[in-house]
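Notes follow once the structure below has been shown.
Just so you know, all these numbers are worked out from the coordinates, no wet-lab data involved. Only a predicted model underlies this, so the values are computations on that prediction, with no experimental measurement involved. All Cβ positions, even for glycine, are placed from backbone atoms using ideal geometry, and neighbour counts span all protein chains on display.
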Amino acid sequence: MKFKSIPLLLLLFFPLISGYPQKQDSIIKRNPEEMKDKMIPTFSRISLSGKYWNNDSLKGKVTLIAFWYIGCIPCMREISLLNKLHREYSKSKDFLLISMAPQIKEDLSSFNNDSVKNVFSTVRSYFKAEPIEYEIIPTCDVHGKRKDTTNFYLMPECENIIQDFKVWGYPQIFISDKKGFIRFVHGGFAQEPSALDFFFNLYKTEIDELLKN
């Protein structure tokens, strides 16, 4: 079954919502498909829940890593799918679902908090996106402003993890085996309502197969 996916070039941010464009020359040579059958790149970050995450945290686990950002339309639509997967495997000790976003902790917290009323929480409300139930890992510590524009831009530390995974578009999914090798790579998310079930079954099939080993 095929779907028309929203283009991965949705690095188009809403100016006041999520202006974190990456440098164009830094993404041209990236191809996340090259990560297949390679080890998960070394990383070390703290999630919104305060938990410290690194490669050791994923040892012995089949892990789905979802890259996304606030305001990315297909990312907003994919949240319900990932929540469903998270709930499906909530009792499994051998599976993890984590997400990484090129934004700072404060903005991501606002986005996911119903009690907060600001531009970031408004985005989730506008897209009718569910609150994220799985771990959210900000890849940025700070952001700044370009001298020639009011838009925010990614500071260097935001780029490190993204570059290591060769991510150039969003959403981007990686599923790794228990030894830390990436076995499945998929970018984008389809617009059709039936996409939810299609991709849920696709990811579940991959996860279940990896859990057997």
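Peptides 44-54, 64-74, 102-112: what's the order by average Cβ count within 10 Å, highest mean first?
Listed from highest to lowest mean packing, they are 64-74, 102-112, 44-54.
Which stretch or stretches of segment 54-75 have amide N atoms under 14 Å from the point lying 7 Å from SER44's Cα along the Cα→Cβ direction?
54-57
Could you work out the mean projected area of the convex hull around the alpha carbons of segment 31-211, in square nanometres to one decimal? All intermediate terms of the calculation are to be shown ahead of the outcome.
Working: hull surface 41.9 nm².
Directional mean of the projected Cα hull area for segment 31-211 stands at 10.5 nm².
Apply 1/(1 + (r/R0)^6) to the Cβ-Cβ distance of ASN31 and LYS93, taking R0 = 35 Å, and write down the FRET efficiency to the nearest 0.05. Don't skip to the answer; put the middle values down first.
Working: r = 33 Å, r/R0 = 0.95.
The value I calculate is 0.55.
As a footprinting exposure proxy, order ASP114, ASP94 by other Cβ within 10 Å, with the fewest listed first.
ASP114, ASP94
Given points 7 Å out from each Cα along the Cα-Cβ axis, report the SER80 to GLU192 separation in nanometres with one decimal.
1.7 nm
So if I place +1 on the C-beta of Lys and Arg and -1 on the C-beta of Asp and Glu, and nothing else carries charge, what would the dipole magnitude of segment 31-211 be about its Cα centre? I want it in debye, nearest 20.
280 debye
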